[in-house]
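Data block below; observations after.
Rule-based calculations on the coordinates, nothing more; no lab input. Just so you know, these numbers come straight off a predicted model, no measurement behind them. Neighbour counts are summed over all protein chains in view; Cβ atoms, including those assigned to glycine, are modelled from backbone coordinates with ideal geometry.
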Amino acid sequence: MAILVTGGTGYIGSHTVIELLNNGEEIVIVDNLVNSKKTNLDRIKKITNKMPKFYKVDILNEKELEKVFKENKIDKVIHFAGLKAVGESVKKPLLYYQNNVTGTITLLKVMEKYNCKNIVFSSSATVYGTKTIECKEEMGRGETTNPYGTAKAIVEKILEDIYKSDNTWNIAILRYFNPIGAHESGLIGEEPNGIPNNLMPYIQKVAAKELPELSVFGNDYDTIDGTGVRDYIHVVDLAKGHVKAIEKLNNSNGGIYTYNLGTGNGYSVLQIIKAFEKVNGIQIPYKIVERRPGDLAKYYANVSKAREELGWVATKNIEDMCKDTWRYVQNELNGK
Ligand code: NAD
Ligand code: UFG
C-alpha cells in the first residue's frame, strides 16, 4: 500500500517524502508544480536512493486525481498541496478558497470514492487567530485574519464534519508553527519566488547579497527585545512529525486528532538575526521599520500533546536551523 503525498515536491512535502522513504514507505506524489520544481525528485533520489512515483496533477482535477487512485493502491494521504502566501490571499481570496478549500474537497471526494479514509492535513498555527500566546490544541480555533488562515480553519471544520458523519475516518490535523531550515545534505530547502514575505527566506536572500538589507517589522512589541516572537521549527523535525502521525493513524480504527508541531520555544527577530550571523560568520544588515499590519507580538506552541500522544519532540535548535539554511543557499549559489 502507498501513501499519496499531495504537494510532495514542495518545501515541507519533499522533506517529509525523504523521511517516509527512509522509513520504508511506498510514496506517490501529486503536485502541479505551481510552487516547486520537478528537479526536487532527483534530489530526493540522491538522498534516499529511491525515486518516488510522481504525477503532475492539479488536485482540483477530479478525473486526473481518480486516475492516480486507480493506478495505485493508496490507503493514506498526506495533504500538503496548497497556496501559502498570506498577503496574496488577501488580494486574491477566491484563488485561495478555490485552490485550498475546493482542492481539498475534491481530494476528499476521490478518497471517499476509493475507500481511502486516512488523511494527515497540513494546518497552521494561524487558526488560533489572535487568541493566545501559548497555543494549546484544546483551546480551539480563534478568529482568522486573512483568507489563507480562514481556508485552513474551514478545512479543519470540514474534516471534523466528515469524521462526525462517518467515524471510520482517521484524521490527523497538524498545526505547524514557523518551519525554517533545510535538509542537512544541503540539497533540499526553501526556494522562495521573488521577494520573500517570511523572515528566514528574506534573511537567506540578504545573506546571499541578492537583497541589500532586512526590514525588521517593529521593535516596540511587548517582547524580550521589542521584535516579534515566533516558534521556529526545523523542517526535518516537522517532517518527522508526519511519520509519527502516520504511525498514529496506523494504530487507530478511526478518530480525529489535532497536534501542534513546534518546539515550544519563542525566538525574536533579532535573536534569529544574531544566531544566523554567529553560526554562519556572516553579517545580516537590517533596519527597523513600521510594524507589519496583522502581525502578532508573540506566540508559540504548547507541545505536550504531540509529545505524549505521538512520542514526537523537535530535536534541532535555532543554530541547526540557521546553519542548514545557509548550507542549502550556498549549494544553490554554487549551482549544485
Ligand atoms: P510549498 O508551496 O513549498 O508546497 C506546496 C506544494 O503544493 C507546492 O509544491 C505546490 O506546487 C503544490 N500545489 C499547490 N496547489 C496545488 C494544486 N492545486 N494541485 C497540486 N499541487 C498544488 O509550501 P510548504 O511550505 O511546503 O507548505 C506545505 C503545506 O503546509 C501548505 O498547505 C501550507 O499551507 C502548510 N503550512 C506551511 C507553513 C510554512 O510556513 N511553510 C506553515 C503552516 C502551514
Ligand atoms: N519579519 C520581519 N521582517 C520580514 C519578515 C518577517 O521582521 O521581512 C518578522 C515578522 O514581523 C514576524 C516574524 O518575523 O515577527 C516572522 O514572520 P514570518 O512572515 O516569517 O511568519 P509569520 O509568523 O508571520 O507567518 C507564518 C507563516 C504563515 C502562517 C503563520 C502561522 O508565514 O503562513 O506563520 O503561524 F499562517
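For the reader, a short list of remarks on this structure follows.
- Reach of Lys157 by Cα under 19 Å, taken over aspartates and glutamates that are not fewer than 8 positions away in the same chain: Glu112, Glu137, Glu138, Glu143, Asp166
- Fraction of beta bridges assigned by DSSP in the chain that are antiparallel (%, nearest 5): 5 percent
- Under 12 Å, Cβ to Cβ, from Glu66 - net charge with Lys/Arg +1 and Asp/Glu -1: +1
- Taking the range 196-336 as the region of interest, the number of lysine pairs whose Cα atoms are within less than 14 Å, with members eight or more places apart or on different chains, is 7.
- Only lysines eight or more places from Lys91 in sequence, or on another chain, were considered; those with a Cα closer than 23 Å are Lys152.
- Additional length obtainable on full extension of the chain from Asn331 to Val289, 0.36 nm per residue less Cα span: 12.0 nm
- Least to most buried among Met111, Met321 (fewest other Cβ within 10 Å first): Met111, Met321
- Which of Cys322, Cys135 has the fewest Cβ neighbours within 10 Å, and the rest in rising order: Cys135, Cys322
- Charges were assigned to the Cβ only: +1 to each Lys and Arg, -1 to each Asp and Glu. The resulting dipole of the range 139-191 about its Cα centre is roughly 220 debye.
- Against the chain, whose longest principal axis comes from its Cα atoms, helix 103-113 is set at around 30 degrees.
- Cα gyration tensor shape of the range 168-230, rounded if a/c is under 1.5, else prolate or oblate by comparing a/b with b/c: oblate
- With neighbour counts taken as other beta-carbon atoms within 10 Å, the residues Lys46, Lys63, Lys274 rank, fewest first, as Lys63, Lys46, Lys274.
- Cβ charges +1 (Lys, Arg) and -1 (Asp, Glu), total dipole of the chain, debye: 580 debye
- The Rg/Rh ratio for the range 207-335, using Cα coordinates for both the radius of gyration and the Kirkwood hydrodynamic radius, is 1.05.
- Three semi-axes of the equivalent ellipsoid, the chain, Cα gyration tensor, whole Å, largest first: 31, 23, 19
- Rel. contact order, % - alpha carbon contacts under 8 angstrom, at least six apart, the range 193-336: 35 percent
- The range 1-53: C-alpha gyration tensor shape, a/c 1.5 cut-off, then a/b vs b/c: oblate
- Secondary structure note: in the range 167-323, about 10% of the DSSP beta bridges are antiparallel.
- Gyration tensor (alpha-carbon) shape descriptor, the range 29-82, a/c threshold 1.5: oblate
- A Förster radius of 30 Å combined with the Cβ-Cβ distance from Lys91 to Lys67 puts the calculated FRET efficiency at roughly 0.35.
- Per residue, the average separation of C-alpha pairs within less than 8 Å and at least 6 apart gives the chain a relative contact order of 18 percent.
- Note: relative contact order over the range 140-258, using C-alpha pairs below 8 Å and six or more positions apart, is 37 percent.
- Rounded Å value of the spacing that divides the Cα centres of the range 310-331 and the range 1-40: 19 Å
- MRE, 222 nm, helices only [DSSP H, n ≥ 4, -39500 (n - 2.57), over the chain, to nearest 500]: -11500 deg cm²/dmol
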